[in-house]
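Notes follow once the structure below has been shown.
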Amino acid sequence: MAPKFVVTILLLVGGVGYLAVGGFQSAKSYYVTVDEMYAKLDRLAGQKMKVAGVVSENSIAREDGKLKFSLERNGKVLPVEYVGSDPVPDMFNAGVEAVVAGFYRDPVFEADHIQAKCASKYEAEYARGDGTAPAQSD
Amino acid sequence: MNDLGQISLLCAFAFTLYALFASAAGGVFGKRRLAESGARAMLCALLFVTLAVACLEVLLLTSDFSNSYVWSISNHALPAFYKASALWAGQDGSLLLWTWLLTIFTGLVLWQNRGRNRPLMPYVIAVLSGTTLFFLTLNLFSANAFDAYHVLGADGRPIHAFTPPDGNGLNPQLQNPYMVIHPPILYLGYVMFVVPFAFAVAALITGRLGTEWTRASRRWTLFSWMFLGFGIILGGHWAYEELGWGGYWAWDPVENASLMPWLTATAYLHSVMIQERKNMLRVWNMVLVITTYLLCIFGTFLTRSGVVSSVHSFATSNLGPLFTIFLLTTAAFAFGLLLWRLPLLKSRARMESMISRESSFLFNNLLFLVACFAVFWGTMFPVISEAITGDKIQVGPPWFNKVMVPVGLLIFLLMGVAPLFAWRRTNRETSCATSSLPVVLSAVLGALLFALGMRQFYAVVAFVLCFFVAWTIGAEFVKGARARMRSAREPAWTALYNLVYLNHRRYGGYLVHFAMVLLFMGFTGMAFRVDEKGALDLGESMRVKGYELRLVDVRTGQYPPLPAKANYNYEYLLLELTKDGKPSGRLMPERRQYLVGQKPVSTEVEIRSTLKEDLYVVFAGVEGERFVVQVYVNPLVMWVWAGAIMLLVGAAVSIVPNPEAARERRRRRAAARVPAALPDGSLAESPCPASTSFSVLASAGSLLPMRRRPSCLPPSNNCMRTSSTASSIPVPPRTPPCSIPIPPANTPTGFVARSGRCSLTA
């Protein structure tokens with residue numbers, strides 16, 4: 001292949017690689033569960049994180065226009081304050097698996113984004129099999 | 001019914017297993033009847049899988065909750081429409097749909113190739129049945145849609161079968177018409193690509209590496225590509241309407257999973273043209289087909305495995321290892337075959353000039369691959385980083401945008417300039433002459449946009465490119481139509497129609513390019529999106545960018561209104577809309593609470609679309625006494641949907657069989673090839689390098705005898721089509737451009753056409 005081709009191809013790939021590496025620092029976030037977050041806190045402090053957990057029962061509250069709740073996983077509980085602007089997803093509710101993105105500012109987690117898992121809940125329910133016929137009419 | 005479904009699946013499994021071995025053995029040992037029995041076994045498998053699907057549909061429609069899948073995905077209150085489509089709303093059913101589609105396509109391939117492509121077919125069937133077998137294994141042993149509902153004991157073991165009085169209900173977010181058609185359309189795309197892969201593998205095994213396999217699978221590739229593309233946009237449309245966050249694309253792993261095979265398939269669609277025309281890039285095409293197939297399977301897997309966290313993911317399941325094994329073995333097998341056949345695939349033709357059609361295709365491919373790799377890297381980064389550093393690191397949408405926007409724009413630029421390039425080598429003067437006007441106008445447009453205050457660099461570039469690309473595509477149509485008007489003395493519209501009709505592949509492609517212009521317009525619009533949140537009390541209003549919304553009333557109720565049959569409670573806001581001071585009707589964003597399971601909430605967005613922008617209003621909940629309204633103004637979103645329709649139209653134009661166009665194409669190729677060997681024997685001006693015919697002939701398999709197709713053109717003409725034969729063979733003079741090709745009198749003896757291929761008879 002002619003050197004001109006090689007040079008152009010290298011320039012293209014190099015350019016994209018540069019963008020990919022350059023954009024990485026600002027766009028990365030550590031994906032952890034609530035208990036992992038506490039375990040790795042010394043290392044991840046100040047980093048952007050995505051934390052997964054189950055929304056604790058009776059923890060959802062709205063104070064001065066802010067949504068507050070807590071996430072739990074394996075016995076650890078993380079208080080979260082939602083500071084984002086997008087509407088909270090439909091599926092967000094107590095007992096639901098959620099992922100919050102933001103920064104940990106001791107002692108609360110400031111989330112600018114909430115993701116609630118939807119489809120999984122439906123099937124996980126069955127997989128867990130609570131041994132009773134599901135009461136659908138309550 | 002559960003048992004019947006189970007038994008059908010088992011029968012299908014047995015037949016598929018037989019088909020795999022019979023057709024493979026039939027192919028290897030040259031036993032035709034054995035291979036044919038394998039093909040028939042696949043038809044039986046089709047029958048049984050169809051029966052299984054019918055069983056599941058009956059179970060769903062009769063709300064038989066003794067079936068655990070039906071229980072998990074449906075309930076009595078669910079409208080019948082969604083009950084029927086719940087077949088693909090969950091993991092088990094959607095995998096069954098995969099299998100069903102695959103067996104249907106296998107049947108279609110058999111029907112389409114009855115009496116055709118005989119040497120390839122046994123292996124094609126073997127690959128198709130192998131893939132079917134894998135999915136049937138999942139259907140039977142890992143994600144069985146016919147498992148009975150069991151009450152589980154404390155240890156998690158099933159105690160006894162039980163029929164619950166009502167089902168768990170369908171996820172309300174899936175109760176949307178787009179969700180009914182989006183998955184099967186995407187699946188059509190995924191599953192169809194198994195066919196080109198099967199032909200590619202068959203070509204590798206038999207060594208028939210010419211254009212036979214690409215031609216046999218061309219339509220499948222196009223259909224697959226079209227469905228993938230359309231399915232992706234439909235998914236975006238669903239997200240836009242249903243999820244209520246004001247956008248349609250978020251670089252979610254599952255979205256990425258469907259985008260990756262589309263990118264490689266697009267690359268393949270382009271580079272296969274080079275193979276058909278110049279017999280170059282043959283190894284490359286194989287790589288693309290194999291990669292696309294693997295990505296299709298990978299996409300199906302990613303959606304289900306829970307490997308990467310995504311809003312889409314189904315229950316974390318035990319499918320992971322099975323998929324990984326299948327992917328790895330298939331990859332090893334296919335790439336192994338490719339390595340083995342490498343010597344036969346090498347082409348001696350080379351790129352001659354940077355500024356040529358060929359090299360623009362080459363760079364197009366490169367960019368698509370880079371894009372695909374970037375998406376793959378970004379999607380899999382959590383997995384990769386966890387393996388290396390122990391931390392799961394995700395990269396969010398900003399990273400994807402940073403990388404993909406420039407790559408996308410480069411591809412887009414290439415799309416605009418490529419038609420200006422000639423094959424082999426571009427004459428700089430002519431191309432400058434044709435391109436100077438659009439380039440100048442584009443520069444003026446860019447300056448104008450900047451002067452009007454548009455400061456986002458990429459947005460300005462994107463709009464300028466939209467203009468430029470639209471111009472060059474339009475110019476192609478105008479140029480072609482003008483030529484026809486002159487030569488055939490047709491009126492303008494007839495000329496345009498005939499131009500597209502007789503060159504449907506090429507102009508269908510241009511229409512798809514035009515669809516891309518519309519899509520890019522829409523994507524760019526999102527750079528100017530505005531959003532505003534307001535907490536309103538009755539009678540209060542909020543303003544967003546020229547719109548004023550006043551909360552008039554809040555209404556609640558139940559749907560359907562009969563209490564016994566109610567599916568959900570609703571609450572909606574009645575907002576009076578004023579645009580630029582003029583009253584423009586009412587908006588009713590709604591929230592629904594479904595009455596099943598955990599009483600999930602669903603937001604029903606109100607959207608007012610115009611070509612200029614969408615007003616997107618979400619009822620986001622209640623804060624104290626106030627009602628929260630989230631308003632987005634999204635410019636140019638309609639253009640994306642219009643682009644999707646255009647994409648369908650363009651793809652359809654190039655897919656629809658058009659015998660007249662095929663004849664015309666053959667004739668034109670023949671005419672173009674004739675001057676290839678001028679009396680002096682020089683091939684210098686040939687559009688097809690001499691190595692073409694050489695390498696076709698050199699590929700051992702192509703010398704195997706084949707049945708001659710009755711529809712073939714007269715031999716000599718047909719020969720001209722695929723090869724500009726060695727210059728020592730006398731070549732007839734240029735055939736006049738009449739509608740019926742005239743067989744030249746001096747066809748050399750010992751030179752016969754065999755189904756579009758030339759070979760020297762012994």
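The values are calculated or read from the model by the stated rules, or taken from the named source; none is laboratory data. Note that this is a predicted model, so its numbers are computed, not measured. Neighbour counts run over all protein chains shown; Cβ positions are idealised from the backbone, glycine included. With ligands, DNA and RNA removed, areas are computed over all heavy atoms of the protein, side chains included. Shrake-Rupley method; radii C 1.70, N 1.55, O 1.52, S 1.80 Å.
Checking each residue in the range B:358-400 for being open to solvent by 40 Å² or more (accessible area, probe 1.4 Å) and touching a residue at least 12 places away in the same chain (Cβ under 8 Å) picks out B:Leu369, B:Phe376, B:Val383, B:Pro397. Which of the residues belonging to the range B:455-480 are open to solvent by 10 Å² or more (accessible area, probe 1.4 Å), more than 28 Å from B:Lys402 (Cβ to Cβ) and among the aliphatic types (A, V, I, L, M)? Residues satisfying the conditions are B:Ala475, B:Val478.
Looking for something under 30 Å from B:Glu590 (Cα atoms), within 16 Å of the chain's Cα centre (by Cα), modelled with pLDDT of 80 or more and more than 13 Å from chain B (Cβ to nearest Cβ) - is there at least one such residue anywhere in the range A:40-63? Taking every residue of the range A:40-63 in turn, at least one turns out to be under 30 Å from B:Glu590 (Cα atoms), within 16 Å of the chain's Cα centre (by Cα), modelled with pLDDT of 80 or more and more than 13 Å from chain B (Cβ to nearest Cβ). Just one of the listed residues (B:Ala422, B:Ala334, B:Ala418) is under 26 Å from B:Pro196 (Cα atoms) and either modelled with pLDDT under 95 or open to solvent by less than 20 Å² (accessible area, probe 1.4 Å) (or both), namely B:Ala334. Only residues that are in contact (Cβ under 8 Å) with a residue 12 or more places away in the chain, within 14 Å of chain A (Cβ to nearest Cβ) and either within 20 Å of B:Leu204 (Cβ to Cβ) or of a type in the set (A, V, I, L, M, F, W, C) (or both) were counted across the range B:110-159, and they come to 3. The strands (runs of 3 or more DSSP E) falling completely within the range B:587-663 that include 3 or more residues that are open to solvent by 10 Å² or more (accessible area, probe 1.4 Å) map to B:590-594, B:606-609, B:613-623, B:626-635.
The residues in the range B:77-124 that are under 30 Å from B:Asp147 (Cα atoms) and not in a helix (DSSP H, G or I) can be counted, and the count is 5. The single condition among (1) more than 19 Å from B:Pro183 (Cα to Cα); (2) in a loop (DSSP other than H, G, I, E, B); (3) not acidic (Asp, Glu) that B:Cys55 does not satisfy is (2).
Consider B:Glu255 carefully, then state whether it is part of a helix (DSSP H, G or I) and within 24 Å of B:Leu120 (Cβ to Cβ). No: the conditions fail for B:Glu255. Tell me, yes or no, whether the range B:89-107 has at least one residue that is closer than 30 Å to B:Ala564 by Cβ and aromatic (Phe, Trp, Tyr). No, the conditions are met nowhere in the range B:89-107.
For the range B:238-254, the candidate set comprises residues that are open to solvent by 30 Å² or more (accessible area, probe 1.4 Å) and more than 12 Å from every other protein chain (Cβ to nearest Cβ); within that set, the residue that is farthest from B:Thr266 (Cα to Cα) is B:Glu241.
Just checking, does the range B:268-277 include any residue being open to solvent by 20 Å² or more (accessible area, probe 1.4 Å), modelled with pLDDT of 90 or more and β-branched (Val, Ile, Thr)? No.
Could you identify the single residue in B:Leu78, B:Leu95, B:Leu87 that is at pLDDT below 95, more than 21 Å from B:Phe135 (Cα to Cα), in the same structural domain as B:Ser142 (by TED's automatic domain parsing) and open to solvent by less than 10 Å² (accessible area, probe 1.4 Å)?
On the way: B:Leu95 fails: more than 21 Å from B:Phe135 (Cα to Cα); B:Leu87 fails: more than 21 Å from B:Phe135 (Cα to Cα).
That would be B:Leu78, the only listed residue that is at pLDDT below 95, more than 21 Å from B:Phe135 (Cα to Cα), in the same structural domain as B:Ser142 (by TED's automatic domain parsing) and open to solvent by less than 10 Å² (accessible area, probe 1.4 Å).
Tell me, please, whether a residue that is touching a strand residue (DSSP E or B) at 6+ places or on another chain (Cβ under 6 Å), surrounded by 13 or more Cβ atoms within 10 Å (Cβ to Cβ) and part of a loop (DSSP other than H, G, I, E, B) can be found in the range A:60-70. Yes, some residue in the range A:60-70 is touching a strand residue (DSSP E or B) at 6+ places or on another chain (Cβ under 6 Å), surrounded by 13 or more Cβ atoms within 10 Å (Cβ to Cβ) and part of a loop (DSSP other than H, G, I, E, B). Could you tell me whether B:Arg341 is in contact with a helix residue (DSSP H, G or I) (Cβ under 6 Å, 6 or more places away or on another chain) and more than 13 Å from chain A (Cβ to nearest Cβ)? Here the answer is yes, as B:Arg341 does meet what is asked. Scanning the range A:71-91 for residues being modelled with pLDDT of 90 or more, surrounded by 20 or more Cβ atoms within 10 Å (Cβ to Cβ) and either among the β-branched types (Val, Ile, Thr) or over 19 Å from B:Gly621 (Cα atoms) (or both) gives a total of 3.
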